[in-house]
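Worksheet: one structure, shown below.
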Amino acid sequence: MTGLDPSATRALAWPGEPQKPVEDCTPAEARKQYLDGFAAIQCPPESVEQTAERDACGIRVKVWRGRSAPRDAAPALLYLHGGGFVIGAPETHEDICRILANAAGAVVVSPDYRLAPEHPFPAAIEDCAATLHWMKEQAASLGIDATRIAVAGDSAGGNLAAIIALLARDRQVPNVLGQMLIYPVTDQRQTSDGYRRFATDFGLTAEAMRWFRDHYVPDEDRRMDWRASPLLVPSLQDVAPAFVVLAGHDVLFDEGLAYAKRLEAEASARCRIWPGQIHGFVSMSRAIPEAREALDAVLDAWREMDPRLGT
């Protein structure tokens with residue numbers, strides 16, 4: 001396929017059990033298929049200083065303390081996993097969380113937020129907001145500095161991270177010092193040209209995105225709510241500094257780029273594009289070495305937001 005990095009082509013042809021298109025699955029089937037298959041295309045996860053599972057006001061959260069993280073007042077990251085708001089869990093993105101925890105000398109917290117269609121919009125947002133409140137309230141027991149919490153996420157998690165940053169700006173949740181958005185969902189209308197250019201053959205398809213969206217926000221009117229489609233928020237002024245990672249061959253590319261441009265114009269942001277990559281590449285480290293390159297860029301951006309990071 002013209003324009004794809006060799007690693008992306010390799011990932012698309014990765015050997016293993018054939019998987020049904022997500023749109024042909026029930027939500028339960030899609031979740032099992034994802035949980036059964038994600039590890040095959042990821043490098044073995046790094047060891048960390050400590051791993052824990054906690055209860056955050058009824059929400060299961062995973063906590064990773066990086067090897068060089070201080071015992072007290074460590075920087076912290078709220079990481080929100082991808083999966084179209086329907087599939088995925090902290091475990092499916094644990095490789096990313098462990099790398100970030102170690103490289104930043106930080107504590108990374110990831111909630112097992114409620115999934116659609118059993119819990120449609122805005123349940124996931126409510127759980128992510130509750131987790132951020134819990135992190136601030138439990139800062140001492142977590143060994144983190146409540147003034148040094150950043151937020152990050154990929155795909156659906158990038159959508160949730162963007163919304164958490166906006167809620168923080170509006171003082172509806174505790175402050176975050178920065179946001180790292182990896183190929184985020186920003187417009188549930190799904191009308192950008194990326195849905196035509198990359199509709200098929202590049203991993204995540206336009207049909208799969210419709211399936212995810214229809215489960216998460218079945219009410220068409222609610223898709224115009226900026227908490228579902230942050231691209232539609234009236235203003236991004238005063239939102240936390242942002243770093244946006246985009247894949248050039250992705251149905252979400254155009255809406256992600258549009259959001260990054262708004263962030264650059266109305267707030268403070270940088271965007272980096274991997275032109276030959278596909279959606280989800282940061283979670284495909286066994287096939288795609290550029291995954292670590294993207295995480296290194298995220299870490300550099302995080303250090304700009306928090307100059308004491310990793311010192």
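We did not get these values from a lab; they are worked out from the coordinates using the rules stated. Predicted model only: the values in this text are computed from it and were never measured. In this analysis, Cβ positions are derived from the backbone assuming ideal geometry, glycine residues included, and neighbour counts consider all displayed protein chains.
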- How much net charge surrounds residue 252 when only the other residues with a Cβ under 12 Å from the Cβ of residue 252 are counted, with Lys and Arg +1 and Asp and Glu -1? -4
- Message: I need the phi-derived Karplus couplings for the range 140-148: 6.51 cos²θ - 1.76 cosθ + 1.60, θ = phi - 60°, integer Hz, Gly and Pro marked x.
- Response: 5, 5, 7, x, 10, 8, 5, 8, 10
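Could you tell me which of rounded, prolate or oblate describes the chain, using a ≥ b ≥ c as the square roots of the eigenvalues of the alpha-carbon gyration tensor, with rounded for a/c under 1.5 and, failing that, prolate when a/b is larger than b/c and oblate otherwise? Don't jump to the answer; show the numbers that get you there.
Details: a/c = 1.38, a/b = 1.23, b/c = 1.12.
Because its axes are fairly even, with a/c under 1.5, the chain counts as rounded.
Would you work out the charge dipole size for the range 6-305 about its Cα centre, treating the Cβ of every Lys and Arg as +1 and the Cβ of every Asp and Glu as -1, and quote it to the nearest 20 debye? Could you put the intermediate results ahead of the total?
On the way: 31 positive and 41 negative charges, 96 e Å.
Dipole size: approximately 460 debye.
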- Note on the structure: Sorted by chain and number, the residues with a modelled amide H under 5 Å from that of residue 77, at a separation of 5 or more or across chains, are 107, 108, 109, 150
- DSSP beta bridges in the chain, what fraction antiparallel, as a percent rounded to 5? 35
- Query: For the chain, modelled as a Gaussian network with Cα springs under 10 Å, which listed residue fluctuates most, 62, 136, 20?
  - Reply: 20
- Task: Set the Förster distance to 22 Å, then compute FRET efficiency between residue 189 and residue 20 from the Cβ-Cβ distance, nearest 0.05.
- Result: 0.25
- Determine the dipole magnitude for the range 167-245: charges of +1 sit on the beta-carbon of Lys and Arg, -1 on that of Asp and Glu, nothing else is charged, the reference point is the Cα centre, and the result goes in debye to the nearest 20. 120
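So how strong a dipole does the range 241-311 carry about its Cα centre when Lys and Arg Cβ are +1 and Asp and Glu Cβ are -1, to the nearest 20 debye?
On the way: 8 positive and 11 negative charges, 31 e Å.
Approximately 140 debye in magnitude.
For residue 262, what is the net charge nearby, where nearby means another residue's Cβ is under 15 Å from its Cβ and Lys, Arg count +1, Asp, Glu -1? Can you show the working numbers first?
On the way: positive: 169, 261, 270; negative: 187, 238, 254, 255, 264, 266.
Charge balance near residue 262 sits at -3.
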- Message: Which residue, 151, 87, 28, has the largest displacement toward the positive end of the dipole of the range 6-305 when charges sit on each Cβ (Lys, Arg +1; Asp, Glu -1)?
- Response: 151
- Message: If the reach is capped at under 26 angstrom between alpha carbons, list the lysines near residue 62, excluding any in the same chain fewer than eight residues apart.
- Response: 32, 136
